[in-house]
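K.L.:
One structure, pasted below without further comment.
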Amino acid sequence: MSTHSLLLLPGDGIGVETMAEVERIIAFLNARSNSAKFETQSDLVGGAAFDKHGVSITEDAMAKATAADAIIFGSVGGPKWDSVPYEHRPEAGLLRLRKDLDLFANLRPAICYPALADASSLKRDLVEGLDILILRELTGGTYFGEPKEIVTLENGEKRAVDTTLYTTREVDRIARMGFDLARKRRNKVHMAAKWNVMRSGVLWREVTAAVHKSYAADVEYHEILADNCAMQLIRNPKQFDVVVTDNLFGDILSDEAAMMTGSLGMLPSASLGAADPKTGKRRALYEPVHGSAPDIAGQGLANPIATIASFGMALRYSFDMGKEADLVDGAIAKVLEKGLRTGDIMQPGMTKVGTSEMGSAILKEMEAMAA
Ligand code: NAD
């Protein structure tokens, strides 16, 4: 029996409500599995932590996060904390987790459930069944490179500089992760960069090709210019499996890909760190893309699917529990197929449900599929 430790950080607003549904799924998996068990701990983060401790995350919670096999994060923030000191704002807790745990890779899947294909801005046949993953480098590149400044020139004009800076090590580790992830999916990687006009793009191309040759020759590999990738995502998104790219292009391409699939309430994500050389385990934080939705918080209206699907990603990427992850994803697809909808994805003729009804329906499908 293997034991996996999870730290649950529900946070603020709807994070608390959607995390409650994840806890029910964890309890279900614990009850039926005799090969793996989850041990969970919970703590405060964001505004909730500030209210109790005066900081957005405590040292004790950070220690738990460092020790856990994976963190499941809800959402933080809200108008209540708009005027707290900048260093204690709710988001600071999340940023500290990402930084201190060195979570350099951001995984943003874009999955289009057939039942929601008509909600996409693209035609149904282009997006129905879509399942792609944008892998964005998260801690380097244009957003962090120095110099980064605006200077006033002698003639009074201003000059702004951002620097796109990458080292071999930074590209190598994200490329490796891209190939590792592809092996758990459909075994195909596209590397998107601008090697035609950027020196950093030349390095991305060189290093990723070398990693492919020495480490992942079994994976299908393509190089694509980032602007063409943006176009191809709209033209024929299903040609992709994993797209690995830098921080700036990844920011844009992941939003483009995700929005093909509908509501914020449906979008999971993961941020991963380096693999431990001894155990092979990676630091990992899983979270929905959405925020704390103060407009609907506390009313039982939130869509829990993004948070549940984030836990599904933890099963797949932290715990190698592909079968259980398929069970979660399959149950979500089934519930949508049966016409159940929270307010954010409501369509004419469908049945409107709240957070816990949606959670119960997913759990019921999991039970039926696992029987
Ligand atoms: P938001 O994602 O919280 O909400 C945007 C809109 O989408 C709202 O109308 C909301 O009701 C709706 N929505 C979002 N998730 C939903 C769900 N699961 N089910 C149903 N409807 C959903 O973004 P916002 O309103 O810009 O931000 C609100 C707060 O959340 C702010 O304090 C912001 O800083 C914070 N925020 C936190 C995170 C995070 O924790 N990672 C991310 C984004 C925003």
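The values are calculated or read from the model by the stated rules, or taken from the named source; none is laboratory data. What you see is a predicted model; the values in this text were computed from it and never measured. Reconstructed Cβ throughout: ideal geometry from the backbone, glycine too, with neighbour counts over all protein chains shown. Side chains included, ligands, DNA and RNA excluded: accessible areas come from the protein's heavy atoms. Shrake-Rupley method; radii C 1.70, N 1.55, O 1.52, S 1.80 Å.
K.L.:
Quick one: Cα centre-to-centre distance for the range 227-259 and the range 61-132, in angstrom?
P.N.:
18
K.L.:
Across 10 Å bins from 0, what is the distribution of all Cα-Cα pair distances for the range 58-186, in whole percents?
P.N.:
So the P(r) values, bin by bin, are 9, 22, 29, 27, 10, 2, 0.
K.L.:
If I compute solvent accessible area with a 1.4 Å probe over the protein chains, what percent of it on the range 7-91 is carbon and sulfur?
P.N.:
Carbon and sulfur: 52 percent of the exposed surface of the range 7-91.
K.L.:
While we're looking at this one, here's another question. For the peptides 218-225, 117-124, what is the packing order when you average, over each peptide's residues, the other Cβ atoms within 10 Å and list the highest mean first?
P.N.:
Output ranking for 218-225, 117-124: 218-225, 117-124.
K.L.:
A further question on this structure: Let me check the size of the chain from its C-alpha atoms; what are the radius of gyration and Dmax in Å?
P.N.:
That works out to 20.8, 75 Å for Rg and Dmax.
K.L.:
While we're looking at this one, here's another question. How big, on average over all directions, is the shadow cast by the Cα convex hull of the range 112-152, in nm²?
P.N.:
In nm², the orientation-averaged hull projection of the range 112-152 is 5.3.
K.L.:
Same structure, new question: For a 29 Å ceiling on Cα separation, which of these pairs sit above it: 123/281; 281/338; 194/238; 184/278; 37/238; 184/352? Don't skip to the answer; put the middle values down first.
P.N.:
Values: 123/281 40 Å; 281/338 38 Å; 194/238 22 Å; 184/278 21 Å; 37/238 35 Å; 184/352 35 Å.
In this structure, 123/281; 281/338; 37/238; 184/352 exceed 29 Å between Cα atoms.
K.L.:
Considering only protein heavy atoms and a probe of 1.4 Å, how much of the accessible area of the range 216-371 is carbon and sulfur, as a whole percent?
P.N.:
Carbon with sulfur: 54 percent of the solvent-accessible area.
K.L.:
Okay, moving on. Given H placed 1.01 Å from N in the peptide plane, which residues other than close sequence neighbours of residue 42 have an amide H under 5 Å from its amide H?
P.N.:
Under 5 Å from the amide H of residue 42: 8.
K.L.:
Name the lysines eligible as straight-distance cross-link partners of residue 80: C-alpha to C-alpha under 20 Å, and not fewer than 8 places from it in the same chain.
P.N.:
Within the straight-line limit of under 20 Å, residue 80 reaches these lysines: 52.
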